[in-house]
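Novice: Got a structure for you, questions after.
The values are calculated or read from the model by the stated rules, or taken from the named source; none is laboratory data. Being a predicted model, the structure only gives us computed values, none of them experimental. Every residue, glycine among them, receives a Cβ derived from its backbone with ideal geometry; neighbour counts consider all protein chains shown. Side chains are part of the model used for accessible areas, which takes the heavy atoms of the whole protein and leaves out ligands, DNA and RNA. Shrake-Rupley method; radii C 1.70, N 1.55, O 1.52, S 1.80 Å.
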Amino acid sequence: MKLAVLGGGGFRVPLVYGALLRDSSKPRVEEVVLHDVSTERLEAIRHVLRQLAAGYEDPPEVRITTDLDTALRDASFVFSAVRVGGLAGRTADERVALELGLVGQETTGPGGVSYGLRTVPVAVHVAERVAALAPDAWVINFTNPAGMITEAMRRVLGDRVIGICDSPIGLIRRAAAALGLDPARVSPDYVGLNHLGWLRGLTYQGRDVLPGLLADDAALRRVEEARVFGPDWVRTLGALPNEYLYYYYFTRESVAATTGQTRGEALLEQQDDFYAAVLARPGEALDEWGRARHRRDTTYMAEMRDLTDAGERDTADLEAGGYEGIALALMAAIARGEPATMILNVRNGAAVPGLPADAVVEIPCAVDGAGVKPLATRPLPGRFLGLMQQVKAVEQTTIEAALSGSPRLAVEAFALHPLVDSVSTARKLLDGYRARIPELAAVLHA
């Protein structure tokens, strides 16, 4: 099988390739084509992959290209992990919002709308080229905002594009471990949108064990989300929230905590150092990547953990892996017909009552050789459903703004977001993002 990785010069590509190296089942990926707009980044990552493959027999062949059609032609699977505007765009997503006293985060709040506005047209173009050159391929979308981008790509590819995120499985893994249970043997009642969801139940041997976890102070201290949100709040909710809901439930604290470098600015500095070091000393590429990865992982959402005294990330979390494991498990389930249940970003249909049928939601799905089937969920209480409906309306308005090039719709998307407090602020956001992000300015015509 041929796997095309878009955003192939990205920092996390070695995680995917490492998972492929460890996969000996048939059919297996024999060719990996990395596509990126930067030849230098591609070369740096190729050095890492060569050293990662040392000692393995018959590793997947790696090719690199800056031509999208070459990467996609005859691919069986496409992993899409592009970042339109690069990390410089991310830093603007964060800074423009922060300067207006709003949450500065790349996927949640105004930063996510900005990111979506410039990314949707590129993602739809990718979908069109996949349809033309690899019509039987499955697209696994990593590109953020994952739910929004998957929904936009669905207009071209339908059910053959699936969005993934590692936040839900990480939450479920931590909840199960806190109870001394094997995460592979629990069934989660998880429902939401990408970066906005709740674990409402956790079934083990026919019994929901989540209420017992919520009632146990010692067990809750072993769950990072419970430490961040506090035991009283998770008990009030009757659920464990996805970590990104911190920006909604503790908005003022989040804004106040963002001092000094933003996450995007820190990653830009780290990754500039990494790519420069690899190109200068290619023989040390894998070691450089390992050091940079450790820095990246240990500082993930550090300001939130510092503010809430949640402590350092658990070693088990750092070692458990993320996107790459989900992507490879999804690919294996489809290619080999091995049934699995996974939390994915898919078309809602009737699975989540109260949301549009065409909305992409993040819920448990049954996966096999025939594809992905969303599983029905229990009705949501208003305190969850209302937030989902409002954010989904923002996502769908953002898609329309990006595809039509309408500044008016872009302002509407910003103004409708629950983390933006006025229409006047929405207009300032659009002006600020247009001034600082050329890729976004190019999308909006007037």
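Novice: For Y56, work out the one condition from (1) of a type outside the set (G, A, S); (2) in contact with a Phe, Trp or Tyr (Cβ under 8 Å, 6 or more places away or on another chain); (3) farther than 23 Å from P438 by Cβ it doesn't fulfil.
Specialist: Condition (2) is where Y56 drops out.
Novice: So, one more: Taking region 65-111 as the search range and keeping residues that are among the hydroxyl-bearing types (S, T, Y) and surrounded by fewer than 21 Cβ atoms within 10 Å (Cβ to Cβ), which one is nearest to G197 (Cα to Cα)?
Specialist: S76
Novice: Look through region 228-257, keep the residues that are on the phi < 0 side of the Ramachandran plot and in a loop (DSSP other than H, G, I, E, B), and return whichever of them is surrounded by the fewest Cβ atoms within 10 Å (Cβ to Cβ).
Specialist: The qualifying residue surrounded by the fewest Cβ atoms within 10 Å (Cβ to Cβ) is F250.
Novice: Checking E151 against (1) in contact with a strand residue (DSSP E or B) (Cβ under 6 Å, 6 or more places away or on another chain); (2) open to solvent by less than 10 Å² (accessible area, probe 1.4 Å), which test does it fail?
Specialist: Evaluating E151 over (1) in contact with a strand residue (DSSP E or B) (Cβ under 6 Å, 6 or more places away or on another chain); (2) open to solvent by less than 10 Å² (accessible area, probe 1.4 Å) leaves (2) as the failure.
Novice: Tell me, yes or no, whether region 145-158 has at least one residue that is modelled with pLDDT of 95 or more, under 16 Å from D74 (Cα atoms), in a helix (DSSP H, G or I) and out of contact with any Pro (no Cβ under 7 Å at 6 or more places or on another chain).
Specialist: Within region 145-158, one or more residues are modelled with pLDDT of 95 or more, under 16 Å from D74 (Cα atoms), in a helix (DSSP H, G or I) and out of contact with any Pro (no Cβ under 7 Å at 6 or more places or on another chain).
Novice: Mind checking which residues of region 238-249 are in contact (Cβ under 8 Å) with a residue 24 or more places away in the chain and out of contact with any Phe, Trp or Tyr (no Cβ under 6 Å at 6 or more places or on another chain)?
Specialist: Within region 238-249, G238, L240, N242, E243, Y244, L245, Y246, Y247, Y248 meet the criteria.
Novice: Further question: Of all residues in region 93-108, how many are assigned to a helix (DSSP H, G or I) and either closer than 18 Å to M148 by Cβ or of a type in the set (S, T, N, Q) (or both)?
Specialist: Selection size over region 93-108: 3.
Novice: Quick one: which residue in A137, A132 is over 24 Å from L409 (Cα atoms), open to solvent by less than 10 Å² (accessible area, probe 1.4 Å) and either among the charged types (D, E, K, R) or modelled with pLDDT of 95 or more (or both)?
Specialist: Matching residue, one of A137, A132: A137.
Novice: Identify, from the list V423, V394, V360, V411, the residue that is at pLDDT 95 or above, open to solvent by 60 Å² or more (accessible area, probe 1.4 Å) and among the β-branched types (V, I, T).
Specialist: V423
Novice: Which of the residues belonging to region 258-277 are open to solvent by 40 Å² or more (accessible area, probe 1.4 Å) and either closer than 20 Å to N144 by Cβ or not aliphatic (A, V, I, L, M) (or both)?
Specialist: T259, G260, Q261, R263, E265, L268, E269, D272, D273, listed by residue number.
Novice: To continue, here is another question. Which one of the conditions (1) closer than 25 Å to G101 by Cβ; (2) surrounded by 15 or more Cβ atoms within 10 Å (Cβ to Cβ); (3) not charged (D, E, K, R) does V346 fail to meet, given that it meets all the rest?
Specialist: Among (1) closer than 25 Å to G101 by Cβ; (2) surrounded by 15 or more Cβ atoms within 10 Å (Cβ to Cβ); (3) not charged (D, E, K, R), the lone unmet condition for V346 is (1).
Novice: Still on this model: Considering only region 1-49, how many residues are open to solvent by 10 Å² or more (accessible area, probe 1.4 Å), under 13 Å from A285 (Cα atoms) and either of a type in the set (A, V, I, L, M, F, W, C) or without any contact (Cβ under 8 Å) to a residue 60 or more places away in the chain (or both)?
Specialist: Matching residues across region 1-49 total 2.
Novice: Would you confirm, using the coordinates I've provided, whether E225 is in a helix (DSSP H, G or I) and closer than 30 Å to V48 by Cα?
Specialist: So E225 does not fit the description; no.
Novice: Looking at the structure I just gave you, is T341 touching a residue at least 24 places away in the same chain (Cβ under 8 Å), part of a strand (DSSP E or B) and among the β-branched types (V, I, T)?
Specialist: Judged against the criteria, T341 is a match.
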